[in-house]
Amino acid sequence: MASNKISLADWQAKLNPSGNTTTLKDDPNLVFSTATGRINNKPSDKVVGQNYEDGAVRIRRETKGRGGKAVLTISGIAKTADELERLAAKLKKKCACGGAVKDGVIEIQGDKRELVEQLLQAEGFKTKWAGG
């Protein structure tokens, strides 16, 4: 009975006939390589928020569709998803409440407009209250 086993070097040569190993690292399906170890995807540097024309960050109090509970939405910050997550975490910690980042908008549970406004101004943002 013939064996269908091949060596690792032969297998890699079949995958990459030129012998260049950089294309193996760039393969999106590859999660581990014996040469380099675990391959992590780099975080995206894509900006998820949008700035307003006047450069101000909008703080809006919403209750619609939330069972009557107040939620502050903070929009107008054009930063990457990681930076928005860090800013939201800082705001949630200072306000002692929950929240999330959804589609480039930071949501903070509760009605703490004054505190959130002070914290954002301390971070260097120009703020405006929007809505009711």
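Values in this text are rule-based calculations from the coordinates and carry no lab data. Here the structure is a predicted model, which is why all the values come from computation and not from measurement. All Cβ positions, even for glycine, are placed from backbone atoms using ideal geometry, and neighbour counts span all protein chains on display.
Dipole size in debye (nearest 20) for the stretch 56-130 around its Cα centre, Lys and Arg Cβ +1, Asp and Glu Cβ -1?
Values: 17 positive and 10 negative charges, 44 e Å.
It works out to roughly 200 debye.
Any of 46/92; 79/128; 92/112; 64/93; 69/102 with alpha carbons more than 21 Å apart? Name them for me.
Details: 46/92 23 Å; 79/128 18 Å; 92/112 11 Å; 64/93 25 Å; 69/102 18 Å.
Pairs exceeding the cut-off: 46/92; 64/93.
Give me the Debye-computed log₁₀ of I(q)/I(0) at q = 0.16, 0.17, 0.19, 0.24 Å⁻¹ for the stretch 56-130, equal point scatterers on Cα only, no solvent, two decimals.
-0.49, -0.56, -0.70, -1.17
If you count, for each residue, the other Cβ atoms within 10 Å and average over each peptide, how do 108-115, 50-57 line up from highest to lowest? Spell out each step's value before the answer.
Details: 108-115: 17.0, 50-57: 12.8.
With the highest mean Cβ count within 10 Å placed first, the list reads 108-115, 50-57.
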